[in-house]
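Please read the structure below before turning to the comments.
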Amino acid sequence: MSSTDELASWLERNSEIVRRITRDPLDAQRKLALAERNLERAQGVLTGGDPDFAVVAAESAMVNAADAVLSTHGLRLRGKNGLP
């Protein structure tokens, strides 16, 4: 987004899926730490022969990392029902 007005407009159009939060660097760090743990889980279960669970853990790691990026910008995705 190139301007504050564009961001505000985007947030308004997408208010059912994203909301503003207070920026908290520790929140982002915790989310990245969880992403790392989920990657470790994925590697461990893949080595142990459970590729299905490895995919689930790897997908969780991607979601955790994306949540961390959003958090650094003061944003959080809403749940499927639109609630915080």
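Nothing in this text is a laboratory measurement; each read-out follows from the coordinates by a stated rule. The structure presented is a predicted model; accordingly, all values stated were derived computationally and were not measured. As a convention, Cβ positions derive from the backbone with ideal geometry for all residues, glycine included, and neighbour counts pool all protein chains shown.
For segment 49-61, the set of residues classified as surrounded by 13 or more Cβ atoms within 10 Å (Cβ to Cβ) and not acidic (Asp, Glu) consists of 53, 54, 55, 56, 57, 58, 60, 61, listed by residue number.
For segment 1-48, residues that are touching a residue at least 60 places away in the same chain (Cβ under 8 Å) and loosely packed, with under 13 Cβ neighbours inside 10 Å total 2.
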